[in-house]
Amino acid sequence: MAKIIIDGNEIDVPAEYTLLQACEEAGAEVPRFCYHERLTVAGNCRMCLVEVKGGPPKPTASCAMAVKDLRPGPNGEPPVVMTNSPMVKKAREGVMEFLLINHPLDCPICDQGGECDLQDQAMAFGGDHSRFAENKRAVEDKYIGALVKTTMTRCIQCTRCVRFSTEVAGVTDLGAIGRGEDMEITSYLEQAMTSELQGNIIDLCPVGALTSKPYAFSARPWELTKTESVDVMDAVGSAIRIDSRGREVMRILPRLNEAVNEEWISDKSRFIWDGLKSQRLDRPYIRNKGKLVASSWNDAFTSIAAHLKGKKSAKIGAIAGDLASVEDIYALQQLMAKIGSVNVDCRQDGSQINPAWGRGSYVFNPAIVGIEQADAILIVGSDPRKEAPVLNARIRKRWRMGGVKIATLAASADWTFDTVDLGNNPQTLNDLVAGKGDFAEVLKNAKHPLVIVGQSALQRADAAAILAASTQLSQRDGWNGLSVLHTAASRVGALDLGFVPGEGGLSAHVMAQSGAADVVFLLGADEIEIAAGAFVVYIGSHGDKGAHRADVILPGAAYTEKSGLYVNTEGRVQRANRASFPPGDAREDWAIIRALSEAIGKKLPFDSLSDLRAALFAAHPHLAGLEQIAPVDAASMAALSQLKGSIASEPFHHAVTDFYLTNPIARASATMAECSALAANRLPMAAE
């Protein structure tokens, strides 16, 4: 630690701190445009100038000078830094005057208005007139894709967007051309950006040069109601803020959560909101003579009760979808128990994971922050860039820190970090366990090995053998590096509930086959095809595949329209909060199941969400610990490593083929459809 005096206050800070960080530690506010805590230092806006006593006779850029670079006083006194002296004030006013020379007076029509760093700092350091009478510089707007709108005349060349795309996202989409007044930020030949995290540059831009294209001219920030929630587009559980106006969701932004997503979210999480308005189910439907006809709730319940009457419980099943909350799945589980059926499953993608193997077999055991401790990473049957872009950014962050080797045993992908390619033969795991090969030596010497197992590996018949080998490679004293990466937000919560077939029960894929089941309930399950013959009841929010197959549709609520618990891929319990209300006659899924239970004579013992949660927490106490991860039993990990079976040579496939169209909300989004088309058009070029 080093002593430093800032504005008369003596504090101790790490010697590696920059002056800007030290000032913040002392409670002094330092304006900045180019500096960002998660990006490298550029030092090109000069707004963060401070005065260093005994230093050069001019202001110093506080973001670019470290505390250890300061000289003590003549008698060994701590260095003195001033953030509000006359020199600093005059210097900042000068910087602001230069920044505003070419910046257009767009505030009344700029989407950044009310959230603009330049606007805020101009109020503090701007003058009431300009000394410059020359024409302002004009720059052509650039096309960089369907998500980010550019007005490059406003750009102040802070290069935050360039540094983010290169350092965090791992793509070289953006760069600078020209020098001095002619400098411009642009993409290569004005092509669309390729990153799945590109929307984050909107938040990073301190002016109105980069704004949200789908949200453009829709609302002002002070009009919006802000609701803190969690994202369900993947299993990471990123912290988000839902901004709504009335009943309409207007935009989705990230929230800070150092343990999960830091301050980033994927483009699917950010721009999915237009899909919440399209293809919505807002009333019950009954299939009559091959066509779905609008009906009342009573008629829909009566139809279901009639088809259940006389049916054997062994021929009745339920499948939970990827976006269902824990409460919804629990309510459906209790209903099926009342009916007497053990045909329940949450693994509509064919995953072979089994909660009987222990909780450690299906969670990201070292947690997402544990990635930063890893000194060797093996990726098995996964493409984190498509399956969990925010988690992929954390892997890249660890790689940039150095001291880690990453190997891939998966289908070929566009990695954003250097990897050792072990091919795509799953039997290579046997060689690694046996200590054969260079990377086997790396894993053997690693103190914190991390083995990331993706859904492509878990959807195979030899999933148990793959998990056993991965467990053996990832265990050390005091360290459990087995990291299961899910793609469905509901999966871990459903597995915690035991929403898998009971003894003699039918799996989702068996239920989908012809003649296997007479009645199937689909709780937002849209990624599975149910063969003809079964009577299908669909409970969900969008008119997607499940609704097209259904004989009765019961309209449910989307994740922004209900309060619900989710458990992310690391086993962290999170709560999504309601930001708006479902359209028309749609209701929350658990309430639909409760009403249906009474209509079929199997009444469930709860009348409110609080009653349901009380029963849920009594049965599964760990779900009451919000933002907590329940510990994993070490004995179960030892048993997991001994699972029997042999690994087949069949190569891994891609669990996610189209990042932008993985669920019914995404498929209803025009923005996601445009992004998907742009990505598809890039594929031939990438192959070349």
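The values are calculated or read from the model by the stated rules, or taken from the named source; none is laboratory data. None of these values were measured; they are calculated from a predicted model. In this analysis, Cβ positions are derived from the backbone assuming ideal geometry, glycine residues included, and neighbour counts consider all displayed protein chains. What goes into the accessible areas is simple: the full protein's heavy atoms, side chains included, and nothing from ligands, DNA or RNA. Shrake-Rupley method; radii C 1.70, N 1.55, O 1.52, S 1.80 Å.
Residues of the range 338-371 that are within 29 Å of GLU262 (Cα to Cα) and among the aromatic types (Phe, Trp, Tyr): TYR362, PHE364. Against the definition (within 13 Å of LEU281 (Cα to Cα), among the aliphatic types (A, V, I, L, M) and within 30 Å of the chain's Cα centre (by Cα)), how does ALA614 come out, yes or no? Against the criterion (within 13 Å of LEU281 (Cα to Cα), among the aliphatic types (A, V, I, L, M) and within 30 Å of the chain's Cα centre (by Cα)), ALA614 does not qualify. Does GLU196 satisfy being under 18 Å from the mean Cα position of the chain (by Cα), closer than 30 Å to VAL492 by Cα and open to solvent by 20 Å² or more (accessible area, probe 1.4 Å)? Criteria not met by GLU196.
Answer with yes or no whether LEU450 is assigned to a helix (DSSP H, G or I) and not β-branched (Val, Ile, Thr). Against the criterion (assigned to a helix (DSSP H, G or I) and not β-branched (Val, Ile, Thr)), LEU450 does not qualify.
Within the set LEU443, LEU495, LEU485, LEU432, the sole residue that is in contact (Cβ under 8 Å) with a residue 24 or more places away in the chain, touching a Ser or Thr at 6+ places or on another chain (Cβ under 7 Å) and among the aliphatic types (A, V, I, L, M) turns out to be LEU485.
For the range 466-481, filtering for residues that are open to solvent by 10 Å² or more (accessible area, probe 1.4 Å) and either under 15 Å from LEU432 (Cβ atoms) or not small (Gly, Ala, Ser) (or both) leaves 7. Whether a residue is surrounded by fewer than 23 Cβ atoms within 10 Å (Cβ to Cβ), closer than 29 Å to PHE617 by Cα and modelled with pLDDT under 95 was assessed, and GLY505 passes this test. Of all residues in the range 271-306, those that are under 28 Å from the mean Cα position of the chain (by Cα) and aromatic (Phe, Trp, Tyr) total 2.
Taking the criterion of being polar (S, T, N, Q) and in a loop (DSSP other than H, G, I, E, B), the residues of the range 133-154 that qualify are ASN135, THR151.
Among the residues of the range 289-299, the one identified as closer than 29 Å to THR662 by Cα and not in a strand (DSSP E or B) is GLY290. Restricting the first member to the range 78-89 and to residues that are without any contact (Cβ under 8 Å) to a residue 40 or more places away in the chain, and the second to residues that are open to solvent by less than 60 Å² (accessible area, probe 1.4 Å) and in a loop (DSSP other than H, G, I, E, B), the beta-carbon pairs closer than 8 Å and six or more apart or on different chains are MET87/PRO59; VAL88/PRO59.
Exactly one residue among ALA235, ALA209 is open to solvent by less than 10 Å² (accessible area, probe 1.4 Å), closer than 22 Å to GLU561 by Cα, small (Gly, Ala, Ser) and out of contact with any strand residue (DSSP E or B) (no Cβ under 6 Å at 6 or more places or on another chain), and that residue is ALA235. Taking the range 126-150, which residues are closer than 28 Å to TRP222 by Cα, open to solvent by less than 30 Å² (accessible area, probe 1.4 Å) and out of contact with any Leu (no Cβ under 8 Å at 6 or more places or on another chain)? Residue satisfying the conditions is LEU147 alone. Take the residues of the range 433-444 that are open to solvent by 10 Å² or more (accessible area, probe 1.4 Å) and out of contact with any Lys or Arg (no Cβ under 9 Å at 6 or more places or on another chain): which is nearest to GLY481 (Cα to Cα)? The extreme case among them is LYS444.
Candidates in the range 163-173 are the residues that are surrounded by fewer than 20 Cβ atoms within 10 Å (Cβ to Cβ) and free of Cβ contacts under 8 Å to residues at least 60 places away in the same chain; of these, the one that is nearest to LYS397 (Cα to Cα) is THR166. The single condition from (1) under 32 Å from the mean Cα position of the chain (by Cα); (2) at negative phi that ALA367 fails is (2). For beta carbons closer than 7 Å, sequence separation of 6+ or different chains, a first residue in the range 522-538 that is at positive phi and a second that is at pLDDT below 95 and hydroxyl-bearing (Ser, Thr, Tyr), the qualifying pairs are GLY533/SER514. Restricting GLY237, GLY275 to those that are in contact (Cβ under 8 Å) with a residue 12 or more places away in the chain, in a loop (DSSP other than H, G, I, E, B) and not β-branched (Val, Ile, Thr) reduces the list to GLY237. For the range 157-166, the condition of being part of a strand (DSSP E or B) and not hydroxyl-bearing (Ser, Thr, Tyr) holds for none of the residues.
Answer yes or no: is there a residue in the range 184-191 that is of a type in the set (Asp, Glu), closer than 30 Å to TRP399 by Cα and either in contact with a Leu (Cβ under 8 Å, 6 or more places away or on another chain) or outside any strand (DSSP E or B) (or both). Yes, some residue in the range 184-191 is of a type in the set (Asp, Glu), closer than 30 Å to TRP399 by Cα and either in contact with a Leu (Cβ under 8 Å, 6 or more places away or on another chain) or outside any strand (DSSP E or B) (or both).
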